[in-house]
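Worksheet: the structure to be examined is printed underneath.
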Amino acid sequence: MTTEGVLVVIPARNEESTLGACLESVAAARAAVPVPSTVVVVLDACTDGSAGVARRFPDVIVIERDHANVGRSRHDAVVAGLCASTVPTDRTWLAFTDADSVVPDFWLREHLDGAAGSDAYVGAVVPRLDELDEARRRAWKRSHPPGATLGHVHGANLGVRADAYTRVGGFLPLFIGEDVDLVARLRAARYTIAESERHPVTTSGRLTGRAPDGYAAYLRGLTT
């Protein structure tokens, strides 16, 4: 099915130090695709300067919420973006990343390649290895040979056609695992899902994250 528009959704909770780099990388990825795109940043329960960083990007829609819940904030951003769009949902691609992540230049192009033959896309995520201690760097490299990330769902590199997202109920108000839950419901509804390790998203190597049992917890446990 032809994609006529892309909506990029980025949740942020106290990501003042990383949000600017994230949005700059998304701008480069938007420039590499031939369809119009919109970016929505949802500032969820932020108490730092994330709002000021987001508003330095005039073509980004910024909404503020006080959910302290990543599932609710992602869903609110989708709703806000779709309401601002005139592109039908069956021709709109939703691309998700996180505010502590940097996407590669061909990130959206890879998503649209997946969209050409599938209803959703599950992409790879890698940590900033220079932010990890030596033992965790070695453990991560040892446990991630080619193909190791296939099948793993990360909200920092996830895509879905908007009509499929809507039909399965979108993100549920979950504090953790909202991305895995969404993909499970898409699979149960027999939507086709493309998976790829090409053009992975680079995310923070921090060991204390915003969500309990999230990617930071996984990195923390690499040496246990």
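Please treat every number below as a calculation from the coordinates, not as lab data. Please read all numbers here as calculations on a predicted model, not as lab measurements. Positions of Cβ are backbone-derived with ideal geometry, glycine not excepted, and every protein chain shown enters the neighbour counts.
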Computed lengthening from Val79 to Leu150, 0.36 nm per intervening residue step minus Cα-Cα distance: 22.7 nm
In whole angstrom, note down how far apart the Cα centers of region 68-139 and region 33-48 are. 11
Please identify the longest segment of the chain free of exposed trypsin sites (Lys or Arg not before Pro), where exposed means a DSSP state other than H, G, I, E or B and no more than 15 other Cβ atoms within 10 Å. 57-127
Gly170 long-range amide H proximity, modeled H, under 5 Å: none
Of all beta bridges DSSP finds with both residues in the chain, what is the antiparallel percent, to the nearest 5? 25
If each residue of separation counts as 0.36 nm, what is the full-extension length gain between Arg55 and Asp105 once their alpha-carbon separation is subtracted? 15.8 nm
Treating only the Cβ atoms of Lys and Arg (+1) and Asp and Glu (-1) as charged, compute the dipole magnitude of the chain about its Cα centre; round to the nearest 20 debye. 420
P(r) of region 5-223 in 10 Å steps, Cα pairs, percent per bin? 8, 37, 39, 15, 1
Scan around Asp119 for amide H atoms under 5 Å from its own, H built in the peptide plane at 1.01 Å from N, and keep only partners 5 or more places away or cross-chain. Thr192, Ile193, Ala194
With point charges of +1 on the Cβ of Lys and Arg and -1 on the Cβ of Asp and Glu, referenced to the Cα centre of the chain, which listed residue (Val33, Phe96, Tyr191) lies farthest in the positive direction of the dipole? Tyr191
